[in-house]
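Trainee: One structure, as structure tokens, below. Some questions next.
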Amino acid sequence: MTFVGVDGCKAGWIAVRRDPGAAPSVAVFPSFAALLDALPADATVAVDMPIGLPDLSQKGGRGPEALVRPLLGNRQSSVFAIPSRAALYAHTDGFTTIEAWYAAHRQASKVAKATSDPPRGISIQAFGIFAKIREVDAVLIARPELRSRVFESHPEVAFCRLNDDQAMRLPKKIKGAVNPAGMAERKALLCRHGYISGFLDRTPPRGAAADDFLDAAAMMLIAGRIASGEARPFPDPPLADRFGIPVAIWA
């Protein structure tokens, strides 16, 4: 079986893939649909992106977020609450100016406050990945058969579970810049789980950053754990949104 770990990146989506009997490989795809189309029909995919959207956003998130944050110690701020489906789809046009981008953020925040209890707006960080969340959402609505093969995970939760349920000591980034010590800590952990350092030290494909590459590498290990029955969903059993899409963070 093929295992694939996926993370969003500037150029689209970075995927670390391992086929039976082969060494891991890495590639970037322009869209999530194109990535899936390049995979065997039985591939298991773990992606660092929220899957399953709430109609009403509640305190703490959809459910999975509140369950995994206590595992992460100082890293728990990396797990942010997902706003309502209406907020995520409040503005779906492209942006030609920074002013239009901020206007769209304000509009989405207004919708988010009206569809959350207690009312809550949207952070700039969360708004920045809305288009990618919608990509995954659209694919899983249109192709329900993929819901048993495409799973949500989260890098810091993945690293924690791979590290015997101990959160990473060091941040991956500090004030938006990559933290070399935090990257080294995560590379060492990935190597303990079978990666070769030369693979992880390579320059990522164009359009992807070094931390995107490591996150996708961790997601690939989670895909393998899911396929073997070793991974655990938070919550267990998963919830479901109104389209029947499972809602859980796997690790």
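The values are calculated or read from the model by the stated rules, or taken from the named source; none is laboratory data. Please read these numbers as outputs of a predicted model, since none were measured by experiment. Neighbour counts run over all protein chains shown; Cβ positions are idealised from the backbone, glycine included. We work out accessible area using only protein heavy atoms, side chains counted, and drop any ligands, DNA or RNA first. Shrake-Rupley method; radii C 1.70, N 1.55, O 1.52, S 1.80 Å.
Trainee: Within the chain, what percent of beta bridges assigned by DSSP are antiparallel, to the nearest 5? Walk me through the numbers before you get to the answer.
Mentor: Details: 19 of 29 bridges.
If I count the DSSP bridges inside the chain, around 65 percent turn out antiparallel.
Trainee: If packing is taken as the mean number of other Cβ atoms within 10 Å per residue, what is the order of 25-36, 61-72, 115-126, highest first? Walk me through the numbers before you get to the answer.
Mentor: On the way: 25-36: 17.0, 61-72: 19.2, 115-126: 15.1.
Per-residue mean Cβ counts within 10 Å order the peptides as 61-72, 25-36, 115-126.
Trainee: Something else now. Can you tell me which of 237-247, 153-163 comes out highest on packing, and rank the rest after it, using the mean Cβ neighbours within 10 Å? Intermediate values should be presented prior to the final figure.
Mentor: Details: 237-247: 15.3, 153-163: 24.7.
Those peptides, ordered most packed to least, come out 153-163, 237-247.
Trainee: Working from the pairwise distances between different alpha carbons, so that the mean of 1/r is found and then inverted, what is the chain's Kirkwood radius in Å? If you can, show how the numbers build up before the last one.
Mentor: Numbers: mean 1/r = 0.0543 Å⁻¹.
So the Kirkwood estimate lands at 18.4 Å.
Trainee: Would you work out what percent of the accessible area of region 48-184, with all protein chains in place, is carbon or sulfur (probe 1.4 Å)? Don't skip to the answer; put the middle values down first.
Mentor: Numbers: 3730 of 6700 Å².
For region 48-184, the apolar C and S fraction of the accessible surface comes to 56 percent.
Trainee: Shifting gears a bit: Using only alpha carbon positions, build the gyration tensor of region 98-199, then give the equivalent ellipsoid semi-axes as the square roots of 5 times its eigenvalues, largest first, whole angstrom. Mind dumping the intermediate values first?
Mentor: Numbers: eigenvalues 205, 88, 39 Å².
So the equivalent ellipsoid measures 32, 21, 14 Å along its semi-axes.
Trainee: Under 27 Å between alpha carbons: how many lysine pairs meet that in the chain, if sequence neighbours fewer than 8 apart on the same chain are excluded?
Mentor: Qualifying lysine pairs in the chain: 21.
Trainee: While we're on this one: If I model region 22-140 as equal point scatterers sitting on the Cα atoms and use the Debye formula, what is log10 I(q)/I(0) at q = 0.10, 0.15 Å⁻¹?
Mentor: Listed by q, the Debye log ratios stand at -0.37, -0.79.
Trainee: For the chain, with the dipole built from +1 on Lys and Arg beta-carbon atoms and -1 on Asp and Glu ones, taken about the Cα centre, which of 16, 246, 77 lies farthest toward the positive end?
Mentor: It is 77.
Trainee: Calculate the translational D of region 36-96 in whole µm² s⁻¹ from Stokes-Einstein, where the hydrodynamic radius comes from the Kirkwood formula applied to all Cα pairs, the temperature is 4 °C and the viscosity 1.567 mPa s. Mind dumping the intermediate values first?
Mentor: Numbers: Rh = 14.2 Å.
It comes out at roughly 91 µm²/s.
Trainee: Round to a whole angstrom and tell me the spacing of the C-alpha centers of region 189-247 and region 146-167.
Mentor: Distance between centres, Cα-based: 6 Å.
Trainee: Further question: Find, to one decimal place in angstroms, the Kirkwood hydrodynamic radius of region 123-251, where the mean of 1/r is taken over every pair of different Cα atoms and then inverted.
Mentor: Details: mean 1/r = 0.0621 Å⁻¹.
For region 123-251, inverting the mean 1/r across all distinct Cα pairs yields 16.1 Å.
Trainee: Moving on. Using the Cα centre as the reference, give the magnitude of the dipole from point charges on the C-beta atoms of the chain (Lys, Arg: +1; Asp, Glu: -1; all else neutral), rounded to the nearest 20 debye. Could you put the intermediate results ahead of the total?
Mentor: Numbers: 30 positive and 25 negative charges, 105 e Å.
For this selection, approximately 500 debye.
Trainee: Residues in region 31-59, backbone N under 12 Å from the label point at residue 239 (7 Å along the Cα-to-beta-carbon vector): list them, ranges by number please.
Mentor: So the set is 51-59.
Trainee: So, one more: What nm distance separates the two modelled labels at residue 203 and residue 145, each placed 7 Å from Cα along Cα→Cβ?
Mentor: A separation of 4.0 nm, rounded to one decimal place.
Trainee: What's the FRET efficiency of residue 134 with residue 110 using the Cβ-Cβ distance as r and R₀ = 25 Å, to the nearest 0.05? If you can, show how the numbers build up before the last one.
Mentor: Values: r = 18 Å, r/R0 = 0.73.
With R0 = 25 Å, the Cβ-Cβ based efficiency is 0.85.
Trainee: Right, something else. Positive end of the charge dipole of region 137-188 (Lys, Arg +1 and Asp, Glu -1 on Cβ, about the Cα centre): tell me which of 179, 153, 141 has its Cα farthest that way.
Mentor: Highest projection toward the positive end goes to 179.
Trainee: What does the accessible area per residue of the chain come to in Å², with a 1.4 Å probe and no ligands, DNA or RNA counted?
Mentor: Values: 11470 Å² over 251 residues.
Here the residues of the chain average 46 Å² of exposed surface.
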